[in-house]
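Following: one structure in structure tokens, then a few remarks.
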Amino acid sequence: MSVAPLFRLKEDWEVTTLGDVAARGGGSIQTGPFGSQLHASDYVDQGIPSIMPQNITTDRISEEGIARITEEDAERLSKYRVRTGDIVYSRRGDVERRALVREENDGWLCGTGCLKVSLGESVVVPEYAAFYLSHPASKAWVVQHAVGATMPNLNTSILSALPFVLPPVNEQEQIANALSALDDKIELNRRMNETLEEMARALFRDWFVDFGPTRRQMGGATDPASIMAHAFPSDKATTLASLFPAKLGENGVPEGWRREPISELTTLLKRGISPKYADQGCLVVNQRCIRRNSINFDLARRNDVGLRDPKIKELKIGDVLVNSTGVGTLGRVATVRALPEKSSADSHVSIVRPDAVLVEPVLVGLLLEDMQDLIADMGHGSTGQTELKPSVIGEIKVVLADRELQRIFGLIVGPLRQKVDANNTENHTLAAFRDLLLPKLMSGEIRLKDLEAKAR
């Protein structure tokens with residue numbers, strides 16, 4: 001049976017299927033364990049990580065919030081353990097989500113909501129396969145062939161039929177090496193962003209959650225450097241220390257500070273629009289776009305009728321978006337820090353617009369990010385569809401510091417987040433170039449030796 005390629009190719013390259021190349025190498029495509037084999041009660045605090053769809057992020061496997069099982073259960077389910085070079089797919093929902101298993105993931109478990117592609121030996125270079133399967137054309141094929149209208153699902157038959165281009169092994173290696181240089185820079189930027197974001201959150205927690213400078217004064221600290229935990233030069237520490245009260249008030253926050261409901265600090269607190277989706281129109285952010293405190297506009301859909309009330313529903317820089325329906329995604333928070341074009345949010349997302357006269361927008365974003373677990377627990381409804389009303393979000397009380405201290409916090413944290421945004425923009429450009437480069441290498445339009453010459 002002939003297989004149509006997803007790209008224009010060099011004439012001598014074979015086109016087959018993912019299932020075929022896996023089988024040739026002695027590998028296979030299989031689902032994770034059934035629910036009857038692994039129950040929620042089997043998960044433990046320490047043990048072997050079990051990969052779920054939510055742990056598959058940007059072509060990598062994240063350990064953040066990952067479930068774990070005992071070594072005994074891992075041995076019992078040994079055929080589902082992943083090895084370096086395997087590729088793991090989400091089996092339900094975001095079925096285009098997949099990641100290469102790297103050395104640090106070796107021996108982990110392919111969880112119940114995932115599929116494992118084992119490529120075997122000598123036929124396919126795993127890194128080449130990972131780049132091929134991450135290309136938009138491959139992801140689009142998977143989405144189009146998934147079954148289920150409400151919740152797309154993958155199975156081994158669908159994934160096995162995915163058209164796959166099989167160049168000679170040496171050319172697979174060269175393609176992988178060429179694209180890896182771009183991928184390595186993307187990963188470097190991602191790790192830098194994690195560090196920058198953690199620096200911002202650590203400062204936020206010390207000042208506005210733990211009330212560190214105030215508590216250190218209550219503990220006897222008088223030197224500004226000590227009050228500010230030796231995190232700033234002496235002249236800066238002197239200025240900052242003077243802005244923090246020396247003791248807590250009866251309300252449990254530093255004297256002069258207060259607790260205010262979100263509703264009193266916003267100019268907008270509403271759900272987004274109920275769009276009619278189409279191929280053109282304004283971008284509409286949905287629940288899938290909000291993850292890890294950031295917004296992926298590449299996953300946004302479009303609204304064909306435009307914004308019905310642009311004064312209210314058009315997103316602005318500084319808006320905080322809160323996922324407000326669903327299970328698992330409820331309560332996720334992200335701040336709008338850049339807008340690629342005119343955008344809104346759909347009716348499953350609440351838009352929280354801080355009143356910049358009363359509070360620094362960056363502070364509202366971090367306050368809500370810090371409270372995501374609490375927000376998720378505030379939802380109401382059935383197991384299948386939990387809802388978080390904007391009025392409930394509005395009742396959440398947050399700590400409001402002196403306005404000058406808020407302003408200075410914004411000045412300190414702002415550049416950190418600007419660097420994060422710049423890195424994200426660069427990563428978007430690098431990923432687009434990588435995805436453009438792969439089909440050009442396959443068609444022969446760009447030759448590998450030409451890339452190597454330019455690199456030198």
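The values are calculated or read from the model by the stated rules, or taken from the named source; none is laboratory data. This is a predicted model, so every value here is computed, not measured. Ideal geometry is used to build each Cβ from the backbone, glycine not excepted, and the neighbour counts take in all protein chains shown. Calculation scope for accessible area: heavy atoms of the full protein, side chains included, ligands and nucleic acids excluded. Shrake-Rupley method; radii C 1.70, N 1.55, O 1.52, S 1.80 Å.
I69 fulfils the conditions (1) under 25 Å from T329 (Cβ atoms); (2) in contact (Cβ under 8 Å) with a residue 40 or more places away in the chain; (3) among the β-branched types (V, I, T); (4) open to solvent by 10 Å² or more (accessible area, probe 1.4 Å) except for a single criterion, (4). For segment 210-227, residues that are of a type in the set (G, A, S), more than 38 Å from the chain's Cα centre (by Cα) and crowded, with 16+ Cβ neighbours inside 10 Å total 1.
Do we find that G394 is surrounded by fewer than 20 Cβ atoms within 10 Å (Cβ to Cβ), at pLDDT below 90 and of a type in the set (G, A, S) in this structure? So G394 fails the test. When restricted to residues that are touching a His at 6+ places or on another chain (Cβ under 9 Å) and open to solvent by 80 Å² or more (accessible area, probe 1.4 Å), segment 230-247 contains 0.
Which of the following residues is more than 30 Å from R292 (Cβ to Cβ), at pLDDT below 95, open to solvent by 60 Å² or more (accessible area, probe 1.4 Å) and acidic (D, E): E250, E171, E194, E255?
Step by step, each of E250, E171, E194, E255 is checked, and only E250 is more than 30 Å from R292 (Cβ to Cβ), at pLDDT below 95, open to solvent by 60 Å² or more (accessible area, probe 1.4 Å) and acidic (D, E).
Between residues in segment 391-419 that are under 27 Å from S324 (Cα atoms) and among the β-branched types (V, I, T) and residues that are open to solvent by less than 10 Å² (accessible area, probe 1.4 Å) and not in a helix (DSSP H, G or I), which pairs lie under 8 Å by C-beta distance while being six or more apart or on different chains? From residues that are under 27 Å from S324 (Cα atoms) and among the β-branched types (V, I, T), the pairs are I393/V322; I393/S324; I393/S350; I393/V352; V399/V253.
Considering only residues that are of a type in the set (S, T, Y) and not in a strand (DSSP E or B), which ones fall in segment 1-50?
Passing the criteria: S2, S36, S41, Y43.
Applying the set (1) modelled with pLDDT of 95 or more; (2) charged (D, E, K, R); (3) more than 30 Å from L188 (Cα to Cα) to K10 leaves exactly one unmet item: (1).
Scanning segment 424-443 for residues that are under 16 Å from the mean Cα position of the chain (by Cα) and either of a type in the set (G, A, S) or under 11 Å from K185 (Cα atoms) (or both) yields N427, A431.
Mind checking which residues of segment 92-110 are touching a residue at least 60 places away in the same chain (Cβ under 8 Å), crowded, with 24+ Cβ neighbours inside 10 Å and assigned to a loop (DSSP other than H, G, I, E, B)? W108 - this is the single residue of segment 92-110 that is touching a residue at least 60 places away in the same chain (Cβ under 8 Å), crowded, with 24+ Cβ neighbours inside 10 Å and assigned to a loop (DSSP other than H, G, I, E, B).
Find the residue count for segment 249-277, including only residues that are among the hydrophobic types (A, V, I, L, M, F, W, C) and either in contact with a Pro (Cβ under 6 Å, 6 or more places away or on another chain) or part of a helix (DSSP H, G or I) (or both). Of the residues in segment 249-277, 3 are among the hydrophobic types (A, V, I, L, M, F, W, C) and either in contact with a Pro (Cβ under 6 Å, 6 or more places away or on another chain) or part of a helix (DSSP H, G or I) (or both). So for segment 340-348 (the condition being among the polar types (S, T, N, Q), assigned to a loop (DSSP other than H, G, I, E, B), in contact with a strand residue (DSSP E or B) (Cβ under 6 Å, 6 or more places away or on another chain) and surrounded by fewer than 17 Cβ atoms within 10 Å (Cβ to Cβ)), does at least one residue qualify? For segment 340-348, residues among the polar types (S, T, N, Q), assigned to a loop (DSSP other than H, G, I, E, B), in contact with a strand residue (DSSP E or B) (Cβ under 6 Å, 6 or more places away or on another chain) and surrounded by fewer than 17 Cβ atoms within 10 Å (Cβ to Cβ): present.
Residues that are touching a Ser or Thr at 6+ places or on another chain (Cβ under 9 Å) and loosely packed, with under 11 Cβ neighbours inside 10 Å within segment 2-45 comprise F34, G35, listed in sequence order. Being part of a loop (DSSP other than H, G, I, E, B), open to solvent by less than 30 Å² (accessible area, probe 1.4 Å), in contact (Cβ under 8 Å) with a residue 40 or more places away in the chain and not small (G, A, S) is a description that does not apply to V117.
Against the definition (assigned to a helix (DSSP H, G or I) and either open to solvent by 50 Å² or more (accessible area, probe 1.4 Å) or in contact (Cβ under 8 Å) with a residue 12 or more places away in the chain (or both)), how does E64 come out, yes or no? Considered against the rule, which asks whether it is assigned to a helix (DSSP H, G or I) and either open to solvent by 50 Å² or more (accessible area, probe 1.4 Å) or in contact (Cβ under 8 Å) with a residue 12 or more places away in the chain (or both), E64 comes out as no. Among residues of segment 240-263 that are closer than 18 Å to L368 by Cα and in contact (Cβ under 8 Å) with a residue 12 or more places away in the chain, those with a Cβ under 9 angstrom from a residue that is β-branched (V, I, T) and in a loop (DSSP other than H, G, I, E, B), sequence gap 6+ or separate chain, pair up as R259/V253; E260/V359; P261/I396; I262/I396; S263/I396. Screening segment 46-56 for residues that are open to solvent by 20 Å² or more (accessible area, probe 1.4 Å) and closer than 19 Å to R92 by Cβ and picking the one that is modelled with the highest pLDDT gives M52.
Residues of segment 51-61 that are of a type outside the set (S, T, N, Q) and part of a helix (DSSP H, G or I): P53 alone. What do you reckon, is E127 without any contact (Cβ under 8 Å) to a residue 40 or more places away in the chain and open to solvent by 10 Å² or more (accessible area, probe 1.4 Å)? It is false that E127 is without any contact (Cβ under 8 Å) to a residue 40 or more places away in the chain and open to solvent by 10 Å² or more (accessible area, probe 1.4 Å). Against the test of being in a helix (DSSP H, G or I), under 17 Å from T266 (Cα atoms) and touching a Ser or Thr at 6+ places or on another chain (Cβ under 9 Å), the options L368, L315, L363, L321 yield a single qualifying residue, L368. For R337, state whether it is modelled with pLDDT of 90 or more and out of contact with any strand residue (DSSP E or B) (no Cβ under 7 Å at 6 or more places or on another chain). Yes.
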